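The values are calculated or read from the model by the stated rules, or taken from the named source; none is laboratory data. Since this is a predicted model, take the numbers as computed values, not measurements. Glycine also receives a Cβ, built like all others from the backbone with ideal geometry; neighbour counts cover every protein chain displayed. Note: accessible area is taken over every heavy atom of the protein model, side chains too, but ligands, DNA and RNA are not part of it. Shrake-Rupley method; radii C 1.70, N 1.55, O 1.52, S 1.80 Å.
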Amino acid sequence: MFQPSQHDVRRFFCGAWRKQRDAAPLSALETLASLWIGEHPEYQAELSDEQAALAADYPVDAGRTNPFLHLMMHVAIEEQLSIDQPPGIRAGVEALSRRHGTAHDARHDVMDCLAEMIWSAQRHGSA
């Protein structure tokens, strides 16, 4: 199983954003990542400075969103949607998109559920 380090993930997103800005060729995963970075202009400056990104800390009590976690969850959700796993997620997100009027807002609803599941699993030491 692929288990990238925190720095690997940060380098990936910074690199994808750099390639996007430079109009360099992107892998399929980099393309997906850069599309979501494009949807989040509030993260773009941070992703433009890889060294600062590698050193940044995002403690929960600081009230600041970790852009790498946020973007990684966007990518994970898109992967789930691409294979409709768990079954029915694609139809559910399409319905949320219609209700919200934007696909991005629908993904944020899904992300809230995903974040809650991750938090609960970490807290209880479960899968």
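Brief remarks on what is shown
- The set of residues in the range 1-10 that are polar (S, T, N, Q) and either within 11 Å of residue 37 (Cβ to Cβ) or in a helix (DSSP H, G or I) (or both) contains only 6.
- Only helices (runs of 4 or more DSSP H) whose full extent lies in the range 11-127 are considered here, and the ones with at least 1 residues that are open to solvent by less than 40 Å² (accessible area, probe 1.4 Å) and among the β-branched types (Val, Ile, Thr) are 28-38, 67-83, 89-100, 103-124.
- Cβ separations smaller than 9 Å between residues 6+ apart or across chains give the following pairs from the range 110-127 residues that are over 17 Å from residue 85 (Cβ atoms) to residues that are open to solvent by less than 100 Å² (accessible area, probe 1.4 Å) and assigned to a helix (DSSP H, G or I): 115/69; 115/73; 126/120.
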